[in-house]
1. Across the stretch 36-56, which residue is surrounded by the fewest Cβ atoms within 10 Å (Cβ to Cβ) among those that are more than 19 Å from Val210 (Cβ to Cβ) and under 19 Å from the mean Cα position of the chain (by Cα)?
2. Can you pull out the residues in the stretch 67-83 that are surrounded by fewer than 17 Cβ atoms within 10 Å (Cβ to Cβ), of a type outside the set (S, T, N, Q) and either touching a His at 6+ places or on another chain (Cβ under 7 Å) or closer than 17 Å to Asn22 by Cβ (or both)?
3. Any residue in the stretch 120-139 that is modelled with pLDDT under 95 and touching a helix residue (DSSP H, G or I) at 6+ places or on another chain (Cβ under 9 Å)?
4. Filter the stretch 134-148 down to residues that are part of a loop (DSSP other than H, G, I, E, B) and either buried (at least 17 other Cβ atoms within 10 Å of the Cβ) or free of Cβ contacts under 8 Å to residues at least 24 places away in the same chain (or both) and give me whichever is nearest to the chain's Cα centre (by Cα).
5. Would you mind stating whether Lys267 is part of a helix (DSSP H, G or I), basic (Lys, Arg) and either touching a residue at least 24 places away in the same chain (Cβ under 8 Å) or surrounded by 13 or more Cβ atoms within 10 Å (Cβ to Cβ) (or both)?
6. Report, ordered by the first and then the second residue, all pairs with beta carbons closer than 8 Å, sequence separation of six or more or different chains, a first member in the stretch 281-306 that is in contact (Cβ under 8 Å) with a residue 40 or more places away in the chain, and a second member that is surrounded by fewer than 15 Cβ atoms within 10 Å (Cβ to Cβ) and in a strand (DSSP E or B).
7. Within the stretch 109-133, which residues are in a helix (DSSP H, G or I) and free of Cβ contacts under 8 Å to residues at least 12 places away in the same chain?
Amino acid sequence: MKQTGDTSELPTLRVHSILYGNEIERIKQAIEHLNRAADFCIAQRVFSKISLVYGDCSPSPVLDPEFVRSIEESCQAIDGFRHVYFNENLGSAQGHNRLLKDFEEDYVLIMNPDIMLAPNTLVELAKAYGSKGVGMVEARQLPIEHPKEYDPKTGETSWAATACALIPGEVIKELNGFDSDTFFLYCDDVDFSWRVRLSGKKVIYRASAVVYHDKRLGAKGAWVPGEAEKYYSAEAALLLAHKYSREDIVRRIIGFFRNSPEPHFQKAVESYESRENSGTLPQPIDLDHKVGVFVNDAYAKHRFSM
């Protein structure tokens, strides 16, 4: 797409996704949707340049040079496409931090590789930064919208899911990225959101910024978690409660997990207690409970049941 007019004053955007054995066709679909959204966004003079980086944690590379070349040729609104193969499973938090080591753009869009952007998603996400003090903006996922509560006027919410979230580069640098020492796959976005709020900035849910999240649903219309999600979300629940100074919740969760026949709960307790015994748990913060929200095993009040 040809640019018209001076774009030197417009911000730049980098899009990040972490791969682990993802289907090529789904990745291609997601990139095509991103390219369309980037084309519209640049035409609206929101960003001057939009690039894309995949960090690959898979046992073997998901993408090959030929695929990268084909995307570069067919998706010209994306100005710069890289595939970084880690040759190890770093998880989401460390994977993004690894990619952020050479980050120089003004904004980063963290998104899952199975996210399909609507044409105006990037424009709508960027509009939220027209208000002062915004530190993170989340898109609305369909067909299963996250049930967490948000202010219908301001969009303020407890935390933002990095399934699709736009973050200023200065915020990433101020907070030193994600807490990869503590979180592997889940709750790294909850923790990052709460640290954004502790820094005095707002976390916004932008309902007008719509994305399609390609989740596989079960017979009852809800998604069915895999074994990795079951385990790492259980482990993260304990670590998040400890980090945000809620030892009462830690002990309640441990009691529940111990009494459960589910092996992933038992494993999560073992992992937590191993860290506790070795002194490698995170240093507790938010001692006054200003931002940490724990409601019925969720991290925000919910508008409706999932």
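1. Ser51
2. Residues satisfying the conditions are Val68, Arg82.
3. Looking through the stretch 120-139, none of the residues is modelled with pLDDT under 95 and touching a helix residue (DSSP H, G or I) at 6+ places or on another chain (Cβ under 9 Å).
4. If we filter the stretch 134-148 for residues that are part of a loop (DSSP other than H, G, I, E, B), which is where we start, we get 143-147.
Add one more test, that the residue is either buried (at least 17 other Cβ atoms within 10 Å of the Cβ) or free of Cβ contacts under 8 Å to residues at least 24 places away in the same chain (or both), and what stays is 145-146.
Numbers: Glu145: 15, His146: 13 Å.
Ranking the candidates gives His146 first.
5. On the way: part of a helix (DSSP H, G or I): yes; basic (Lys, Arg): yes; either touching a residue at least 24 places away in the same chain (Cβ under 8 Å) or surrounded by 13 or more Cβ atoms within 10 Å (Cβ to Cβ) (or both): yes.
Spelling it out, Lys267 is indeed part of a helix (DSSP H, G or I), basic (Lys, Arg) and either touching a residue at least 24 places away in the same chain (Cβ under 8 Å) or surrounded by 13 or more Cβ atoms within 10 Å (Cβ to Cβ) (or both).
6. Final answer for the pair search is Lys301/Val295; His302/Val295.
7. The first filter runs over the stretch 109-133 and keeps only residues in a helix (DSSP H, G or I), leaving 121-130.
The one that is in a helix (DSSP H, G or I) and free of Cβ contacts under 8 Å to residues at least 12 places away in the same chain: Gly130.
To keep it simple, each residue is scored yes or no on (1) assigned by TED's automatic domain parsing to the domain that holds Leu109; (2) buried (at least 22 other Cβ atoms within 10 Å of the Cβ); (3) in contact (Cβ under 8 Å) with a residue 24 or more places away in the chain; (4) assigned to a strand (DSSP E or B).
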{"site": "Glu170", "(1), (2), (3), (4)": "yes, no, no, no"}
{"site": "Asp181", "(1), (2), (3), (4)": "yes, no, yes, no"}
{"site": "Phe192", "(1), (2), (3), (4)": "yes, yes, yes, no"}
{"site": "Gly200", "(1), (2), (3), (4)": "yes, no, yes, no"}
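The values are calculated or read from the model by the stated rules, or taken from the named source; none is laboratory data. Here the structure is a predicted model, which means the values were calculated and not measured. Don't worry about glycine lacking a Cβ; one is built from the backbone with ideal geometry, like all the others, and counts go over all protein chains shown.
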